[in-house]
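Have a look at the structure below before the remarks.
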Amino acid sequence: MRAAALLPLMLASAQAMPQSSAGNGDGRVEILNADEWLFGGPTGAQRLKGNVRFKHADAVMHCDSAHLYEDQRVDAFSNVVIEQGDSLRAYAALLRYNGQQRMARLSGDVRLEDGAMELRTPALDYDLRAKRATYLQGGRIVSARDSTVLTSGNGVYLADQRRFIFGRQVLLEHPERQISTDTMHYGTSSGVAAFFGRTTITQGSTVINTLGGTYDTRQERARFTRRTSVASKGRILEGDSLHYDRRPGLGLAWGNVSIADSSGDMRVLGNQGTHHEADDRSMVTGRAELQLRMSADTLFLHGDTLFAAPEGKGRRITARRNVRFFKRDLQGACDTLSFGDADSTIHMRHQPVLWNGADQITGDTIRITLKDGRAHRLHVRGNAFLLSRADTSRFDQVTGTIMTGFFVEDALDRLDVEGNARTVYFTKEKKEEAEDIFAVNRADCSRIRVRMKEGAISAVMFLDRPDAVLYPIAKAPADELVLQGAQDRGAERPMDRAGIFDR
């Protein structure tokens, strides 16, 4: 029966129907159009066919056919469309609509469009009053604005805020980046993503792993408030809080900061760190510590500020102010220290001091050359001085302008001293399984060679015209027992890793 023929019946039926709005304040569902309109049937529903259009509050619904129930429920079939506002459109094969609650359940290749955003999912619940769409069977979102494609196991779309809440296997893909996480909030208008839980962001050669924070995908700016790492160009920057701006290539980290090489051989720790990608430079402050793997051992170094910069094919680490380092067989202190992994050389400046076993070495500058992760050569320039404890109150002493040392199995084996070389060397004799000092050898010579054994002086050889005097210990002049410049700096010596932080 055609709609024109049914008009009198429709009016009569409409007069017989209750006119309440079901108490929801949104009015009753209004039929705008239908090619056929039938009443009755076992369900008591009005049955509409052909170009069906409904209106309820601020939404208009289209479909090929529908059932309208007295309690304001609508079942719509085939080519279903919901229009709300200027830009939101939803498409589906089937709609179950509750007019009292203003809840729409759509199924069958559902498509939700809002401006430049399109969501596809097998089924969708949409609260028209709250403008809130929910899907639980997987969804795919495409943004025409920035070519972003996002998939997730479930999600909620807040239309008024243009904001998504995603859960379960979330993956955001863009021509320039990829983000995978388990829980994410994403604003389609702002392009800002917020993460809750383990998240990986891959952007070119940069990989970010975080436990929480936000990332502005358009400005390429990250603000992470939970443990985060940024891996780029062979460096890994970590911190409890981290800011990263990709365009200037700047990373800032706070709290348990770590900057490491991908090899793991070099690592810098501290409370605050900065890394510049463009020139591959880093800085760490606040209980800063360098961990340098050396063969089977590790050198631990502290300075108020640690800097790292590229040098040749390697890196140079520079420590400034209150520098101390500890290694099981080698310790040191100075004001400025640098290490280059390209030439495997440690440079110590400004009141440097080095300890190896019972030996203390000082000078204007100290340079240690490494080989295969071990100390290999020692070079001391200017006011070079060796102090080696002879007993509880005396020191063997060797000084000169230049001192060259040779290590064997991580211990000093030999020292060659040149330029105004002088020595005070205590001679011992063994009595009843104890060694007592019985004489002191005081000598000046242009070149001296010192042999070391078990961290102490074992022999002194004068290589060029020595001027030497051997005094019995009881008759040695007091001013001959201590060379000018001798200074015991043992109080500065770090005895373990924690000691590098002592002032």
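The values are calculated or read from the model by the stated rules, or taken from the named source; none is laboratory data. Source: prediction; values computed, not measured. Methodologically, a virtual Cβ is constructed for each residue, glycine included, from the backbone with ideal geometry; neighbour enumeration extends over all protein chains shown.
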State which residue pairs qualify: first residue closer than 22 Å to L387 by Cα and inside region 488-503, second residue in a helix (DSSP H, G or I) in any location, beta carbons under 8 Å apart, and separation of 6 or more residues or different chains.
R493/G499; P494/I500
Subset tally (residues that are over 25 Å from R414 (Cβ atoms) and not in a loop (DSSP other than H, G, I, E, B)) for region 469-489
8
Where a residue in region 368-392 is closer than 17 Å to A333 by Cβ and its partner, wherever it lies, is among the basic types (K, R), with Cβ under 9 Å and at least six apart
I368/R377; A375/K327; L378/R367; V380/R367; L387/R489
State all residues of region 389-400 that are crowded, with 18+ Cβ neighbours inside 10 Å and under 13 Å from T427 (Cα atoms); if no residue qualifies, say none.
R389, A390, F395, D396, Q397
Of (1) hydroxyl-bearing (S, T, Y); (2) over 53 Å from the mean Cα position of the chain (by Cα); (3) at pLDDT below 85, S446 satisfies all except one. Which?
(3)
Note down all Cβ pairs under 7 Å where the first residue falls in region 317-343 and is outside the structural domain of F307 (by TED's automatic domain parsing) and without any contact (Cβ under 8 Å) to a residue 60 or more places away in the chain, the second is surrounded by fewer than 17 Cβ atoms within 10 Å (Cβ to Cβ) and not β-branched (V, I, T), and they're at least six residues apart or on different chains.
none
With the structure loaded, tell me whether A309 is modelled with pLDDT of 95 or more and either surrounded by fewer than 20 Cβ atoms within 10 Å (Cβ to Cβ) or in contact with a helix residue (DSSP H, G or I) (Cβ under 8 Å, 6 or more places away or on another chain) (or both) or whether it fails that test.
no
Conditions (1) surrounded by fewer than 20 Cβ atoms within 10 Å (Cβ to Cβ); (2) under 21 Å from Q487 (Cα atoms); (3) modelled with pLDDT under 90: number failed by V460
(1)
Residues (within 22 Å of G485 (Cα to Cα) and of a type outside the set (G, A, S)) located in region 428-457:
V440, N441, R442, D444, C445, R447, I448, R449, V450, R451, M452, I457
Name the single residue, out of those in region 427-454 being surrounded by 16 or more Cβ atoms within 10 Å (Cβ to Cβ) and in contact (Cβ under 8 Å) with a residue 60 or more places away in the chain, that is farthest from F385 (Cα to Cα).
M452
Check region 116-135 and report whether any residue there is in contact with an Asp or Glu (Cβ under 8 Å, 6 or more places away or on another chain), on the phi > 0 side of the Ramachandran plot and assigned by TED's automatic domain parsing to the domain that holds A59.
yes
Just to verify a result, which residue in region 477-503, among those that are hydrophobic (A, V, I, L, M, F, W, C) and over 24 Å from S393 (Cβ atoms), is surrounded by the most Cβ atoms within 10 Å (Cβ to Cβ)?
I500
Being of a type outside the set (D, E) and exposed (fewer than 15 other Cβ atoms within 10 Å of the Cβ) is the requirement here; does L470 meet it?
yes
With the condition being among the β-branched types (V, I, T), I'd like the strands (runs of 3 or more DSSP E) fully within region 60-147 carrying at least 2 qualifying residues.
73-84, 139-143
